[in-house]
Amino acid sequence: MKKAKRLAIVGLTIAAMLTLTACGTSTGQSTGSAGSASSGAHITLRLADDQPTNYPTVAGDQKFADLVKQRSNGRITVTVYPNAQLGDEATVAEQVQLGAIDFARINASPLASFDKQLNVLNLPYLFNSSQQMWDVLNGPIGDQILSTLSTAKMVGLTYYDSGARSFYNSKHAVVHPSDLKGMKIRVQQSPMYIDLVKALGASPTPMAYGDVYGALQTGVIDGAENNWPSYYSTNHYQVAKYFTEDDHTRTPEILLASQTSWNKLSAADQKLIMQAAKDSQAAERTSWTQLENKAKQEVTAHGNVISQVDVAEWQKAVQPLYDKYGSEFKDIIAKIRATK
C-alpha cells in the first residue's frame, strides 16, 4: 500500500515537472543549468521538509533558499515545501534519488537505510559534547561522511541540529547507568535502541510514540527517551519528572541534493549552492537552541529534577554495542574520539 502511494506521488511529481517545462520554466530536473550562468536562464528548484513551517530545520531551509536567491541575483529560486507536502522522509528520499525532487532535509537515521555509512552517527555516546560533534561534522570527518551519500545518488550539503536524546523517568533521579536497572523504558522499534537499554540494565519496551504519555501516567512504563523539545511539547515532563542529560544520541539532520539535479548545474552554481547550504547552518542551529532553551526553562519552572552525568561512564557501559554495530566503522570512530 505504501509503495503504491509512493509511486502515485512520484507520478504526480513528474507530471507537474512536465507541465512546468511546457510553460517555459527551467528546473534542475528537466533542463539542467549547464551554461546557465552565461545565458542568464532562471532555475527553479524544490526543497522538501516534513516538519512544520515554524520548526528549526525549515528555518534553515528558508535561509538556504534566501542565500541562493540573493547570491545568484535572483536567477536561482529554491522553493521550500514544509509539512511533508511532497511526502514523508522515505518517500522524499526515493524521489531525490530519481531526480524528481532537487533538495531535501532528512534525518541521518532514516537515511542510513540508503547509505549504511551513516549508521556510525546513530551509535550511542559517540560524541562527548555538542561542541565536539560540531567540530567533527564541520570538519574533514563530516565531509567524508557526507561524501558517501553519492552511493545513494545524493549529494550531502551540510548538517542541521536535531539536539540530543536523553532518558527521563517517573521513579527517581538517574546519574549512573546502574540507576536505570530494572526500569521499563519505552524505545523505538530499533534493534540498536533495544540493545542500548539492555546494556544499561533496563528493560526495553517498544511502543508507539502516541501511547507513551498514558503509559507513563499509568505505570505501564517507567520512562522513555527523547530530546528536550519533545519531552516538553508532548507533556511527558508532567508524568516523568526526572530528566537525565546523558545525551546518548546526537543524530544530526542532513540537507542534501539529488545527484541527478546536481549534475545538471554548472560548476559555478554548484559552488554557490554548496556554500549557501553551509552558511544556512547557523540559522538552523540558532533556531534549534532557542527551541531547546524554551523547553528547558518551562520544565525547570515546573520543578522537574535535571541530572548531569559522566559521559565516559556511560560510554563504557555500551561498549558491547560498538562491538556489534560499530565494527565496520572502527577507523572513523577512532578519528571522532580523537577530536577534542
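The values are calculated or read from the model by the stated rules, or taken from the named source; none is laboratory data. Since the structure is predicted, the reported quantities are computational estimates derived from the model, not experimental observations. Positions of Cβ are backbone-derived with ideal geometry, glycine not excepted, and every protein chain shown enters the neighbour counts. In case anyone asks, the SASA skips ligands and DNA or RNA and just uses the protein heavy atoms, side chains included. Shrake-Rupley method; radii C 1.70, N 1.55, O 1.52, S 1.80 Å.
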>> Considering only residues that are closer than 21 Å to Thr260 by Cα, of a type in the set (Gly, Ala, Ser) and assigned to a loop (DSSP other than H, G, I, E, B), which ones fall in segment 42-93?
In response: Ser72, Gly87
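Filter segment 271-297 for residues that are in contact with a Phe, Trp or Tyr (Cβ under 7 Å, 6 or more places away or on another chain) and not charged (D, E, K, R); which is surrounded by the fewest Cβ atoms within 10 Å (Cβ to Cβ)? Steps first, answer last, please.
To start, the set of residues in segment 271-297 that are in contact with a Phe, Trp or Tyr (Cβ under 7 Å, 6 or more places away or on another chain) comprises 276-277, 280-281, 284, 292, 295-296.
Pick out the ones that are also not charged (D, E, K, R) and you get 276-277, 280-281, 295.
Details: Ala276: 23, Ala277: 25, Ser280: 24, Gln281: 22, Ala295: 19.
In this case the residue turns out to be Ala295.
Which of the residues spanning segment 168-185 are open to solvent by less than 20 Å² (accessible area, probe 1.4 Å) and touching a helix residue (DSSP H, G or I) at 6+ places or on another chain (Cβ under 7 Å)?
Of all residues in segment 168-185, those open to solvent by less than 20 Å² (accessible area, probe 1.4 Å) come to 168-169, 174, 177, 180, 183, 185.
Within segment 168-185, Tyr168, Val174, Pro177, Ile185 qualify.
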> Among the residues of segment 94-128, which ones are touching a residue at least 60 places away in the same chain (Cβ under 8 Å) and part of a loop (DSSP other than H, G, I, E, B)?
Replying inline: Gly99, Ala100, Ile101, Asp102, Leu123, Pro124, Tyr125, Leu126, Phe127, Asn128
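Here are Ser307, Ser261, Ser280: which of them is among the polar types (S, T, N, Q), closer than 24 Å to Gln132 by Cα and assigned to a helix (DSSP H, G or I)? Reasoning before the result, please.
Values: Ser307 fails: assigned to a helix (DSSP H, G or I); Ser261 fails: closer than 24 Å to Gln132 by Cα.
Answer to the check: Ser280.
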>> Suppose the filter is in contact with a Phe, Trp or Tyr (Cβ under 9 Å, 6 or more places away or on another chain) and either open to solvent by less than 30 Å² (accessible area, probe 1.4 Å) or hydroxyl-bearing (Ser, Thr, Tyr) (or both); does Ala202 pass it?
In response: yes
> Which ranges mark the strands (runs of 3 or more DSSP E) fully within segment 139-205 that have 1 or more residues being more than 30 Å from Ile306 (Cα to Cα)?
Replying inline: 154-160
> Leu265 fails exactly one of the following numbered conditions: (1) surrounded by 19 or more Cβ atoms within 10 Å (Cβ to Cβ); (2) closer than 20 Å to Gln62 by Cβ. What is the number of that condition?
Replying inline: (2)
>> Is it the case, given these coordinates, that Ser109 is out of contact with any helix residue (DSSP H, G or I) (no Cβ under 6 Å at 6 or more places or on another chain) and of a type in the set (Gly, Ala, Ser)?
In response: no
